[in-house]
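Visitor: Handing you this structure, nothing more for now.
The values are calculated or read from the model by the stated rules, or taken from the named source; none is laboratory data. Everything numeric in this text was worked out from a predicted model, so none of it was measured. With ideal geometry, Cβ positions are generated from the backbone for all residues, glycine too; neighbour counts draw on all protein chains shown.
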Ligand code: C2O
């Protein structure tokens, strides 16, 4: 099915635009082709050396001899003792084991469609050093909203990206290598270290999603800054959670700019037929000609659900724990609210759906090739900081299996750095900051359809109950909307109980083909009035979203779960005293297998 090319050609395709023909107008294309590369003479460091000494002759400030050995080494030595100790403090860590950084010497081809693609970083046995915070004297790098930057900034950013693109492909700081970081960590190039039988390393679908991408941007940004000799250089963030940021920022849309790529959904680019970002998007049918006011009215409610009402517990926001050796698939895995929506939807919305793998943004292997990716993720990262300001229990995990999980990145001096999640929690310590912009979704609760205050309000005559599917019918293929009455173990809980534990609906045993766009929506007590609940309506609890990617050849099937917080939703629907809740699953893209449904209570 796939027309994707084998590794060598794929690498060539990266040099664009010869192989993967963009859907562009002829004039745009020729403009694109005639862009002149910058000369690389600004790049002062060569990364060819296979040592931890950079070419300026200085020893790196980090020193892996004196730094604490990886905690993992110690833990392994302690064997079962560690497991016993940690299980006392946290029952979920009985088999304490943080995810380990990958072994670069064992990096293999990643998988795309039916083919493989080479995206391993250059590696010749370099020493690995432990991450150190930037010195307190370093200036802050303040990220600005991409739609608010000035000309001087754009020129600076373009120059930095040009220099990065001009580095040789085997330089770990080169744009090609930076883009491939995402491919390697997301499309099955790495196995988890020390685990037999082998288990893929996948940095989506769990609690390592936010910290991995934070480090990724951190190094990407520092490399750009070093190439233009500007220690204050900061990435722009795509402020998609604001009315003025609801389209692809103009700085990425100029075909003459290095920030432009041709492989984007042509209906969604500025000037396209549907340029307004639809945070609920998964397929062409979702393109609707809305006014900016109408689109914002939806998007602000999506933001409220994903950041506020549906993200009251850590695992709802960050995603579920992933420990070393765990096969990611399984009912215990699961994305956090923002990772699904809008993060996943935006990937799919921005990628070119006429390409075999929805390149660039619409597949994890190619997403990093679009400079837009880094600004998209800067805003995702900003959401992590924001979320922690939204309520008393909104704090980072303290589980050592999260804090000690680690990744490897090359820094601006081509050193290979081991980065623990525990060192990523405070952006200020990383000298990263965000310009403050108005948050216009904080109080944008969804509105119940049944109060008749939304456009989709049912008329009195159309209101009818949905036909119910019995719980015993699962597992089933979700190829049409189904509704299930699901028992609620508790009802009318006190305020304190509700704060203690969030009521959640769990869609279990979701089996998907991970190389496909998959989306389905979950609505509660949504009467069959011909207008299914949408993200503006209280009845709409959220969506499952899969951005196409792949692990090992033949391992495209993948099992996960979806957990949605519904305490506020049930209160707002006046359903808190009910014995059952009617859960409606509406397939939007793809046909996932669904294992079952239940209501549960989540303490963390
Ligand atoms: Cu690693 Cu936006 O995905």
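Visitor: Under 8 Å between Cβ atoms, at least 6 apart or on separate chains: pull out the pairs that start in the range 457-470 with a residue that is over 16 Å from residue 483 (Cβ atoms) and end on any residue that is at pLDDT 85 or above.
Guide: These pairs meet every condition: 457/449.
Visitor: Kindly provide the set of residues from the range 406-423 that are in contact with a helix residue (DSSP H, G or I) (Cβ under 6 Å, 6 or more places away or on another chain) and part of a loop (DSSP other than H, G, I, E, B), ordered by number. Can you show your working first?
Guide: Filtering the range 406-423 down to residues in contact with a helix residue (DSSP H, G or I) (Cβ under 6 Å, 6 or more places away or on another chain) leaves 407, 409, 411-412, 419, 421-422.
Result: 411, 412.
Visitor: On the basis of being in contact with a strand residue (DSSP E or B) (Cβ under 7 Å, 6 or more places away or on another chain) and within 12 Å of the ligand (Cβ to nearest atom), does residue 406 make the cut?
Guide: It is false that residue 406 is in contact with a strand residue (DSSP E or B) (Cβ under 7 Å, 6 or more places away or on another chain) and within 12 Å of the ligand (Cβ to nearest atom).
Visitor: If you don't mind, there's one more thing I want to ask. If I go through the range 562-604 residue by residue, how many of them are crowded, with 21+ Cβ neighbours inside 10 Å and under 20 Å from residue 470 (Cα atoms)?
Guide: 8
Visitor: Also, quick follow-up: Please enumerate the residues belonging to the range 367-380 that are out of contact with any strand residue (DSSP E or B) (no Cβ under 8 Å at 6 or more places or on another chain) and within 13 Å of the ligand (Cβ to nearest atom). Explain how you work it out, then say what you get.
Guide: Pass one, the range 367-380, residues out of contact with any strand residue (DSSP E or B) (no Cβ under 8 Å at 6 or more places or on another chain): 367-374, 376-377, 380.
Selection gives 367, 368, 369, 370, 372, 373, 374, 376, 377, 380.
Visitor: Condition check: touching a strand residue (DSSP E or B) at 6+ places or on another chain (Cβ under 7 Å) and at pLDDT 95 or above. Does residue 272 satisfy that?
Guide: Numbers: touching a strand residue (DSSP E or B) at 6+ places or on another chain (Cβ under 7 Å): no; at pLDDT 95 or above: yes.
Criteria not met by residue 272.
Visitor: Let me ask another. In the range 339-349, how many residues are more than 11 Å from the chain's Cα centre (by Cα) and either surrounded by fewer than 24 Cβ atoms within 10 Å (Cβ to Cβ) or near the ligand (Cβ under 10 Å from one of its atoms) (or both)? Steps first, answer last, please.
Guide: Pass one, the range 339-349, residues more than 11 Å from the chain's Cα centre (by Cα): 348-349.
Those still in the list that are either surrounded by fewer than 24 Cβ atoms within 10 Å (Cβ to Cβ) or near the ligand (Cβ under 10 Å from one of its atoms) (or both) too: none.
The qualifying residues number 0.
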